[in-house]
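A.B. asks: The following block contains the structure, expressed as structure tokens.
Here, each number is a calculation from the coordinates, and none is a lab measurement. Everything numeric in this text was worked out from a predicted model, so none of it was measured. Every residue, glycine as well, gets a Cβ built from its backbone with ideal geometry; the counts of neighbours run over all protein chains shown.
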Amino acid sequence: LREHEEFTKVKNIATIELGRYEIDTWYFSPFPPEYHDCTKLFFCEFCLNFMKRKEQLQRHMRKCDLKHPPGDEIYRNGTLSMFEVDGKKNKVYGQNLCYLAKLFLDHKTLYYDVDLFLFYVLCECDDRGCHMVGYFSKEKHSEESYNLACILTLPPYQRKGYGKFLIAFSYELSKKEAKVGTPERPLSDLGLLSYRGYWTRVLLDILKKHKGNISIKELSDMTAIKAEDILSTLQSLELIQYRKGQHVICADPKVLDRHLKAAGRGGLDVDVSKLIWTPYK
Ligand code: ACO
Ligand code: ZN
């Protein structure tokens, strides 16, 4: 999707260095004034502090003792780990992450108080440390039943299934909280594609198993997906009829199979037995 570059507004930072990657940025991010004269920034991949010069980063790397995000490792499966970072306990890390993420998020205002958020940072780990591939943020308390505020897969890791993994993870947390959830709006084009893909795959699998004999409420209870999101997904798949003032699911097995074939890859699965987590109090 090259149009990202066309839509880019005033872009101060054109590239960043992060771990072993040099990444071209997509959008403006409101870095503090002292960084306004630079076009490239050097990030420490572990604490996410950013610097103007490579030599500063090299000096920093010699004394930075982090090898993974701060906070608790709440999930580990093979080389994949998820860390939960409390924005109140790790304010600077939370702010750094927001500056970094805004470089790839257009419509989001990320200037909120990081205190109010938890950050779920997904990493690929090896003997050098845990390397961030993406993250999502979540309000500690959401009036609107949002279970995800912002989601990002860093560009070198995109289109490998990490986005759907992060989305699946956000719903697994909602299940543990015994709540339904929905992502904060608006969604970006790529955000909507990823959510639509996730919702479609999850709902089709259940409909197939239950041969279509299931209600939207039951689907919502099983998946923690909000009823409105289920309805819009099934409507787009033309699996909903409106009868006697009610939306009913009409899942013809042939139609289900056709949709299942067309649905994207399942992506990386969340193994819930490896999630060790209790809801935020
Ligand atoms: N072109 C077309 N379709 C795409 C593309 C692309 N470049 N990237 C993702 N998709 C679609 C595909 O349908 C894909 O499923 P498939 O591979 O089975 O066909 C689906 O999205 C998900 O792909 P993943 O590999 O699981 O997702 P990825 O790791 O690439 O992350 C994400 C998706 C997080 C949206 C990523 O594109 C991103 O970080 N974008 C920039 C930030 C952003 O827009 N975030 C969402 C904002 S909305 C919000 O935060 C609430
Ligand atoms: Zn560091």
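A.B. asks: Criterion first (part of a helix (DSSP H, G or I), in contact with a strand residue (DSSP E or B) (Cβ under 6 Å, 6 or more places away or on another chain) and over 15 Å from TYR120 (Cα atoms)) does LEU57 satisfy it?
C.D. replies: Taking the combined requirement at face value, the residue satisfies it.
A.B. asks: When you go through (1) of a type outside the set (Lys, Arg); (2) surrounded by fewer than 17 Cβ atoms within 10 Å (Cβ to Cβ); (3) assigned to a strand (DSSP E or B); (4) touching a residue at least 24 places away in the same chain (Cβ under 8 Å) one by one for GLU22, which number turns out not to apply?
C.D. replies: For GLU22, the failing item is (4).
Yes or no, residue by residue, for (1) in contact with a Lys or Arg (Cβ under 6 Å, 6 or more places away or on another chain); (2) under 22 Å from GLY134 (Cβ atoms); (3) hydrophobic (A, V, I, L, M, F, W, C):
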{"residue": "TYR35", "(1), (2), (3)": "no, no, no"}
{"residue": "LEU41", "(1), (2), (3)": "no, yes, yes"}
{"residue": "LYS52", "(1), (2), (3)": "no, no, no"}
{"residue": "HIS68", "(1), (2), (3)": "no, yes, no"}
{"residue": "VAL85", "(1), (2), (3)": "no, yes, yes"}
{"residue": "LYS91", "(1), (2), (3)": "no, yes, no"}
{"residue": "LEU100", "(1), (2), (3)": "no, yes, yes"}
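A.B. asks: Follow-up. Could you identify the single residue in SER142, SER137 that is within 13 Å of ligand 1 (Cβ to nearest atom), of a type in the set (S, T, N, Q), buried (at least 16 other Cβ atoms within 10 Å of the Cβ) and assigned to a loop (DSSP other than H, G, I, E, B)?
C.D. replies: Numbers: SER137 fails: assigned to a loop (DSSP other than H, G, I, E, B).
Of SER142, SER137, the one residue that is within 13 Å of ligand 1 (Cβ to nearest atom), of a type in the set (S, T, N, Q), buried (at least 16 other Cβ atoms within 10 Å of the Cβ) and assigned to a loop (DSSP other than H, G, I, E, B) is SER142.
A.B. asks: Looking at the structure I just gave you, is THR233 loosely packed, with under 14 Cβ neighbours inside 10 Å and of a type in the set (Val, Ile, Thr)?
C.D. replies: Spelling it out, it is not the case that THR233 is loosely packed, with under 14 Cβ neighbours inside 10 Å and of a type in the set (Val, Ile, Thr).
A.B. asks: While we're here: Looking only at residues in the range 78-118 that are within 16 Å of ligand 2 (Cβ to nearest atom) and in contact (Cβ under 8 Å) with a residue 40 or more places away in the chain, which one is farthest from the chain's Cα centre (by Cα)?
C.D. replies: VAL92
A.B. asks: Moving on. Hey, among the residues in the range 27-43 that are surrounded by 18 or more Cβ atoms within 10 Å (Cβ to Cβ) and within 22 Å of the chain's Cα centre (by Cα), which one's nearest to ligand 1 (Cβ to nearest atom)?
C.D. replies: Per the criteria, the residue is TYR27.
A.B. asks: Output the residue which, of all residues in the range 181-230 that are of a type in the set (Val, Ile, Thr) and more than 16 Å from ligand 1 (Cβ to nearest atom), is nearest to HIS247 (Cα to Cα).
C.D. replies: In the first step, residues of the range 181-230 are kept if they are of a type in the set (Val, Ile, Thr); the result is 182, 200, 202, 206, 214, 216, 223, 225, 230.
Remaining after also requiring more than 16 Å from ligand 1 (Cβ to nearest atom): 206, 214, 216, 223, 230.
On the way: ILE206: 18, ILE214: 12, ILE216: 9, THR223: 19, ILE230: 11 Å.
That would be ILE216.
A.B. asks: Being in contact with a strand residue (DSSP E or B) (Cβ under 9 Å, 6 or more places away or on another chain), in a helix (DSSP H, G or I) and farther than 30 Å from SER137 by Cβ narrows it down to one of LEU207, LEU203, LEU260, so name that one.
C.D. replies: The unique qualifying residue is LEU207.
A.B. asks: Identify the single condition in (1) without any contact (Cβ under 8 Å) to a residue 24 or more places away in the chain; (2) surrounded by fewer than 18 Cβ atoms within 10 Å (Cβ to Cβ); (3) over 24 Å from the mean Cα position of the chain (by Cα) that ILE240 does not satisfy, given that it satisfies every other one.
C.D. replies: Of the numbered conditions (1) without any contact (Cβ under 8 Å) to a residue 24 or more places away in the chain; (2) surrounded by fewer than 18 Cβ atoms within 10 Å (Cβ to Cβ); (3) over 24 Å from the mean Cα position of the chain (by Cα), the odd one out for ILE240 is (2).
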